[in-house]
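Single-structure report; data block below.
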Amino acid sequence: MEKITLTVPANRALRGRALAGVVGSGDMEVLFTADQGQTLTIDITTSVDNSRSRWEALFTRLQTVSSLPAGKLTIHDFGATPGVARIRIEQVFEEVSYA
């Protein structure tokens, strides 16, 4: 089990909270809580040790293809692939944009 905290610049403001996925399903759960700051703080608890570089690469890619919102992202990962991780993260951002 590994715990990772990342902080990335945010350039979009949203309001509210959203949840996507269920950790007990065998992949991952993502909770987002918006705030009015300038950063996105990401707290990851993963069953995959030594995966920091994978998560950093995923958020670097997300920054290049979309605007990240300010707030806190909490991820409980149970070995999801990078593709599933990206889908869950994008789902939670989309859900909160409609809140």
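The values are calculated or read from the model by the stated rules, or taken from the named source; none is laboratory data. On a predicted model such as this, the values are computed, not experimentally measured, just so you know. A quick note on method: Cβ atoms are made from the backbone with ideal geometry, for glycine too, and the neighbour counts reach across all protein chains shown. For accessibility, only protein heavy atoms count, side chains too; no ligands or nucleic acids. Shrake-Rupley method; radii C 1.70, N 1.55, O 1.52, S 1.80 Å.
Accessible surface of Thr81 in the full protein assembly, 1.4 angstrom probe, to the nearest 10 Å²?
80
Report relative contact order for region 2-98 in percent, whole number only (criteria: Cα-Cα under 8 Å, sequence separation at least 6). Walk me through the numbers on the way to the answer.
Numbers: 205 pairs, mean separation 39.5, N = 97.
41 percent.
So for the pair Thr81, Asp43, with labels modelled 7 Å out along Cα→Cβ, what separation do we get in nm?
Simple spin-label model gives 3.0 nm for this pair.
Taking 0.36 nm per residue of separation and subtracting the Cα-Cα distance, what length does fully extending Arg52 through Ala13 add? Intermediate values should be presented prior to the final figure.
Values: separation 39, 0.36 × 39 = 14.04 nm, distance 2.61 nm.
Difference between extended and current length: 11.4 nm.
Pairing the Cα long axis of helix 52-65 with the longest principal axis of the chain, what angle in degrees results, from 0 to 90 and rounded to the nearest 10?
30
Can you tell me the length gained on complete extension of the stretch Thr33 to Arg61, counting 0.36 nm per residue apart and subtracting the Cα distance? It would help to have the intermediate numbers written out before the result.
Working: separation 28, 0.36 × 28 = 10.08 nm, distance 2.11 nm.
So the chain would gain 8.0 nm between Thr33 and Arg61.
Sum up the charges of everything whose Cβ sits under 13 Å from the Cβ of Val30, counting Lys and Arg as +1 and Asp and Glu as -1, but leave Val30 out. Present the calculation step by step, with values, prior to reporting the outcome.
Numbers: positive: Arg17, Lys72, Arg86, Arg88; negative: Asp27, Glu29, Asp43, Asp77, Glu90, Glu94, Glu95.
In short, -3.
Report the accessible area of Leu73, computed with a 1.4 Å probe over the heavy atoms of all protein chains in place, in Å² rounded to the nearest 10.
0
Assuming a viscosity of 1.002 mPa s and a temperature of 20 °C, what translational diffusion coefficient in µm² per second does Stokes-Einstein assign to the chain, Rh being the Kirkwood radius over Cα pairs?
Working: Rh = 13.2 Å.
Value of D from the Cα-based Kirkwood radius: 162 µm²/s.
Which angle between 0 and 90 degrees, to the nearest 10, do you get for helix 82-97 versus the longest principal axis of the chain when only C-alpha atoms count?
30
Could you pull out every residue, at least 5 positions away or on a different chain, whose amide H is within less than 5 Å of the one on Gly16? Hs are placed 1.01 Å off N in the peptide plane, and Pro or chain starts have none.
Amide H to amide H, under 5 Å and 5 or more residues apart or across chains, Gly16 pairs with Ala34.
Take Thr64, Thr41 and sort them by solvent-accessible surface of the protein heavy atoms, 1.4 Å probe, largest at the top.
On the way: Thr64 105, Thr41 45 Å².
Descending accessible area places them as Thr64, Thr41.
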